[in-house]
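The values are calculated or read from the model by the stated rules, or taken from the named source; none is laboratory data. This one's a predicted model, so the numbers in the text were calculated from it and none came from an experiment. Heads up, the Cβs are rebuilt from the backbone with ideal geometry, glycines too, and the neighbour counts pull from every protein chain shown.
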Amino acid sequence: MFYISGTRTFKRNSDDAEGDYGSKNISLYYSIPWKNYLLILSGSKYSYHQTVAGAFESYTYSGESQQMKANLSRLLSRGSLHKTYVNAALWTKKSHNYINDTEIEVQRRRIAGWEVGLNHTQYIGETVLQLFANYKRGTGGNKSLPAPEEAFGEGTSRMQIFTAGVDFTYPFTIGNQPFRFNTSWNGQWNGTPLTQQDKFSIGGRYTVRGFDGELSLSGEKGWLWRNELGWNIANKGHELYLGIDRGKVHSSQEELQIGDSLMGGVIGLRGKLWGINYDYFVGVPIKKPEGFRTSHVTTGFNVSYRF
């Protein structure tokens, strides 16, 4: 199977946070099944820009990052009510950041490594329970660059990160109308000091929805809890959903943090139209630290096409 997807976010300068902001992401995915194995090749490219007003002129901060990953999974056990598999992967990432098109060399990153994981899916009637655990390690391969933070003991390109999570989906009906409740929790723990790019971050469409993603909270450890109630309107494949998310981070430099937790809400519509998958949402912050700047209302969309 092959698919490509793209996302784009933007914010007008009339919002609270000063300056225009925008980002876009393009992802590619290709999978090759063979017996009890599945090989997945994936890659993505992300870029952003932000305009900040200075005392005498405006400055444009921008950046781009690319990552590639090859993941091989093997099915260990499968029955009518469960599925368990392990996976191993090789990955590489690189990123660059700029001020007015001049690269900030100290923020240049190039890393590579491997990871292993275990996944289990359990079916209880129509309810689905998923569990996962993953260990990630940087190796310094593929011409990796040492992290500048290594000189101060505040990060490394040979990171050790452990993640785990649970996802629970419960479908039900009310008056012949199909509904779905989903709750998921995932957390991160570290075995080494982490650079900013490897820390657990919250605030944005992929973590705590309702925030524009211009600012985030981050730490070496953290957790994220997302909850969603969806209604498949008239069973036509278009789902109206409500969501409430909460996240918390723990940093070794808490004295430099303005806070450690966020909560946000979202309402959206997703489905498939003319062969194109779409997702449009509007979100608002519910709880945030004092001084954490974000838009009062955040909108976003995602479209993808599979062939």
**Message:** If I ask for residues that are closer than 16 Å to residue 162 by Cα, in contact with a Phe, Trp or Tyr (Cβ under 9 Å, 6 or more places away or on another chain) and surrounded by 21 or more Cβ atoms within 10 Å (Cβ to Cβ), which ones from the stretch 191-222 would you list?
**Reply:** 194, 200, 219, 220, 222
**Asked** For residues in the stretch 234-252 being without any contact (Cβ under 8 Å) to a residue 40 or more places away in the chain and surrounded by fewer than 16 Cβ atoms within 10 Å (Cβ to Cβ), which is nearest to residue 289 (Cα to Cα)?
**Response** 242
**Asked** Does residue 92 qualify as being of a type outside the set (Gly, Ala, Ser), under 30 Å from residue 178 (Cα atoms), surrounded by 13 or more Cβ atoms within 10 Å (Cβ to Cβ) and modelled with pLDDT of 95 or more?
**Response** no
**Request:** Need at least 1 residues that are among the aliphatic types (A, V, I, L, M) per element, so show me which strands (runs of 3 or more DSSP E) inside the stretch 135-232 make the cut, counting only ones lying wholly within it.
**Result:** 160-174, 200-202, 217-219, 221-232
**Request:** Taking residue 262 as the residue in question, decide whether it is surrounded by fewer than 17 Cβ atoms within 10 Å (Cβ to Cβ), in contact (Cβ under 8 Å) with a residue 12 or more places away in the chain and in a strand (DSSP E or B).
**Result:** no
